[in-house]
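Participant: Quick one: the structure is below, questions incoming.
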Amino acid sequence: MTKKYRFYKDKIIASVTIELKDDNIFSASGTLHSPTDECGGQCLDEINTHFSDDPKFQKIYRLWQLYHLNDMHPECEHQHNLGWQDIAKTPVTVREYYRKYDTIHICDDITTKIINYAKQQKSYIPTDEEVKYLNLERFPKTYDEVLNSPYYELNKTEIKTRGWLSYSDTPLGLLGKPCPVCEYKYGTSWIKFDIPENDLNEIKELLK
């Protein structure tokens, strides 16, 4: 079942399409045209800034916030109750670094020295300082931190949310993080949350 609603105010026009599949899978999308905003898709937050006083839109907006694509939750029920769906939206500054030219040059010299010794069937034991250089990562990353090191320069910076960061890369990441109750790993499958009967009836009323 699908239905489209249109909302008008001054020179602002918005449309919202709601859909119910398999009697319990809800989705909503919209478009907005105004002198200051132009958007489409999952833009109900933007539409709400113009139609927060419209009772019909507010019904749809609440349902969208709660149940949009309710069959595609990356979190299990326990993680949901712990608020992981909100934690997943937390932004994290990811900084990637690369080794300075001088650092690369020193590493190459050490490697060449070891290889030349090996060619003569000799062993070379690097110094502690040389071992430190040999163990430097090529492109280390930091998460919400700044790397203060004389061996590296900043390569790039980007903002990611915790829901898109791997738990194996940083403790801030949620992808692959096990649930403390059932050990389900966040983001490894899509989980369906059924819509409560009272809200499901409201959706069906809107679709009439």
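Participant: In what sequence do Trp84, Trp190, Trp164 fall when counting other Cβ within 10 Å, fewest first?
Facilitator: Trp190, Trp164, Trp84
Participant: Given N residues in segment 95-156, what is Rg(Cα) / (2.2 N^0.38 Å)?
Facilitator: So segment 95-156 has a normalised radius of gyration of 1.34.
Participant: Give the residue from Thr2, Tyr98, Leu200 lying farthest towards the positive end of the charge dipole for the chain; charges sit on Cβ (+1 for Lys and Arg, -1 for Asp and Glu) and the dipole is referred to the Cα centre.
Facilitator: Of Thr2, Tyr98, Leu200, it is Tyr98.
Participant: Using helices alone, I'd like the mean residue ellipticity at 222 nm for the chain: each DSSP H run of four-plus residues gives -39500 (n - 2.57), total over residue count, nearest 500.
Facilitator: Mean residue ellipticity, 222 nm, calculated: -9500 deg cm²/dmol.
Participant: Per residue of segment 148-157, in order, report the coupling 6.51 cos²θ - 1.76 cosθ + 1.60 (Karplus, θ = phi - 60°) as ³J(HN,Hα) in whole Hz, putting x for Gly and Pro.
Facilitator: Taking θ as phi minus 60°, the curve returns 9, 9, x, 9, 10, 10, 5, 9, 7, 10 Hz for segment 148-157.
Participant: Continuing with this model, one more query. Starting from a Cα-only point model with no solvent, please compute log10 I(q)/I(0) by Debye for segment 147-208 at q = 0.13, 0.18 1/Å.
Facilitator: -0.64, -0.82
Participant: So what's the angle, to the nearest 10 degrees on a 0 to 90 scale, between helix 55-67 and the longest Cα principal axis of the chain?
Facilitator: Value to nearest ten degrees: 40.
Participant: Take the alpha carbon gyration tensor of the chain, find the square roots of its eigenvalues, order them as a ≥ b ≥ c, and report rounded if a/c is under 1.5; if not, report prolate when a/b exceeds b/c, else oblate.
Facilitator: Taking the square roots of the gyration eigenvalues as a ≥ b ≥ c, the chain is prolate.
Participant: While we're looking at this one, here's another question. Looking at segment 1-95, what % of the alpha carbon pairs are farther apart than 16 Å?
Facilitator: Of all Cα-Cα distances in segment 1-95, 61 percent exceed 16 Å.
Participant: Right, another one. Once you've got the GNM for the chain with C-alpha springs shorter than 10 Å, pick whichever of Val92, Val181, Val16 has the biggest mean-square fluctuation.
Facilitator: It is Val181.
Participant: Please order Glu96, Glu75, Glu205 by the number of other Cβ within 10 Å, starting at the fewest.
Facilitator: Going from sparsest to densest Cβ surroundings: Glu205, Glu96, Glu75.
Participant: Oh, and also: So which residue, out of Ser166, Ser29, Ser149, gets the largest mean-square fluctuation from a GNM of the chain using Cα contacts under 10 Å as springs?
Facilitator: Ser149
Participant: Would you work out the charge dipole size for segment 95-156 about its Cα centre, treating the Cβ of every Lys and Arg as +1 and the Cβ of every Asp and Glu as -1, and quote it to the nearest 20 debye?
Facilitator: It comes to approximately 280 debye.
Participant: Under a cut-off of 23 Å between alpha-carbon atoms, report the lysines in cross-link reach of Lys21, not counting same-chain residues fewer than 8 places apart.
Facilitator: Qualifying lysines at Cα under 23 Å: Lys3, Lys4, Lys56, Lys59, Lys192, Lys204, Lys208.
Participant: Which FRET efficiency value, to the nearest 0.05, do you get for Thr170 and His78 by plugging their Cβ-Cβ distance into 1/(1 + (r/R0)^6) with R0 = 22 Å?
Facilitator: In this case the efficiency is close to 0.50.
Participant: May I ask you to derive the FRET efficiency for Thr17 and Glu197 from their Cβ-Cβ distance with R0 = 22 Å, giving the value to the nearest 0.05?
Facilitator: Efficiency, from the Cβ-Cβ distance: 0.40.
Participant: Which of the aspartates and glutamates could a cross-linker bridge to Lys100, judged by Cα under 17 Å and excluding same-chain residues fewer than eight apart?
Facilitator: Asp108, Asp109, Glu129, Glu130, Glu137, Glu153
Participant: Further question on the same structure: Taking θ = phi - 60°, what integer Hz values does the Karplus form 6.51 cos²θ - 1.76 cosθ + 1.60 yield along segment 89-101, in sequence order, with x for Gly and Pro?
Facilitator: 8, 5, x, 10, 8, 9, 10, 10, 10, 10, 6, 5, 4
Participant: Follow-up. Taking a cut-off of 23 Å between Cα atoms, list the lysines near Lys160, but don't count ones fewer than 8 places away on the same chain.
Facilitator: Output for Lys160: Lys89, Lys141, Lys177, Lys185.
Participant: Picking from Ile12, Ile191, Ile25, which is most flexible by a Gaussian network model of the chain using Cα springs under 10 Å?
Facilitator: Judging by the Gaussian network model, the answer is Ile12.
Participant: Just subtract the alpha-carbon distance of Gln65 and Asp10 from 0.36 nm times their residue separation and send over the number in nm, one decimal.
Facilitator: Extending this stretch completely gives an extra 17.2 nm.
Participant: Roughly how many nanometres apart are two label points built 7 Å out from the Cα toward the Cβ at Glu158 and Ile87?
Facilitator: 2.4 nm
Every number in this text was worked out from the coordinates using simple rules, so none of it is lab data. These figures come from a predicted structure and were not determined experimentally. Methodologically, a virtual Cβ is constructed for each residue, glycine included, from the backbone with ideal geometry; neighbour enumeration extends over all protein chains shown.
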